[in-house]
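Each value in this text was obtained by applying a stated rule to the coordinates, not by laboratory testing. On a predicted model such as this, the values are computed, not experimentally measured, just so you know. With ideal geometry, Cβ positions are generated from the backbone for all residues, glycine too; neighbour counts draw on all protein chains shown.
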Amino acid sequence: MFLVATGFLGGIITAVVGGSSIICFPAMLAVGLPPIVASASNTAAVVPASLIAAYSDTGRAPIWNTEVLGLALVGFVGSALGAMLLVALPSAVFVTVVPILIAVATLLFAFGERLKTSGWRIGTDRARSMTKPLLFAPVAIYGGYFGAGMGVMTLAILGLSGPGDHRTTNALKNLLNVLANVVGYRKLHRSRHRRLAGNHGHDGGCADRRICRRTFNALPAR
Amino acid sequence: MRFLPADLFRALVVGMGAILTVVFAWRYWSL
């Protein structure tokens, strides 16, 4: 019951801003899972929530053009590489770099607009299409490696390299996170964690469309 | 998302990023 409730809240947070791991990850640690298993379970849990969120904002849903296909391909390959790194690297590396990566992404997102206006803008549409997947590659690797905070990282990269408004950017972020996290799903081994995954998508993701406003009010208190 | 102003969205993302950074740093670096 504890995991089901956590999955519901996590689904809403995933669909809106990302970062559901802030409640799901500690919840799974609290019931006794080791960090890497909790990470893999969280990765699987956000897949349905992100997919529904990507296509729930009608009119801003991602269109499968060359740019999105390029990002998707990079996301798939990068996540596979990240998942291999997770297995290969010692746990000391695993736990040390995560806060640093999230902090860098947050700063990039916060100051991305200023960077763009001071020379980081990628001028033409063609240049953007080619550069975006390259910028997204390290994020995709991280997605397969750990995943927590990947939403913030994806938004930071898309914000830097794209002209889109926040709804379009967030919809694309949700789609890319689905693709990256599908690779991470292979890391899921224990069937009992699928209770969290199922609830996460079917309740949390769908509820997002109806109760967004309530979520925004609730988030700061959490 | 359709009801969410851009400024509030940015604030939520930055806030969530900050929370994630602090929580994971506290969780892992204090071990």
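Things to note:
- Full-extension gain in nm, A:Leu73 to A:Arg114, via 0.36 nm per residue minus C-alpha separation: 11.8 nm
- Ordered by the count of other Cβ atoms within 10 Å of each Cβ, fewest first, A:Ile100, A:Ile52, B:Ile19 give A:Ile100, B:Ile19, A:Ile52.
- Between the range A:1-51 and chain B, the C-alpha centres lie 15 angstrom from each other.
- Fewest-first ordering of A:Tyr55, B:Tyr28 by other beta carbons within 10 Å of each residue's beta carbon gives A:Tyr55, B:Tyr28.
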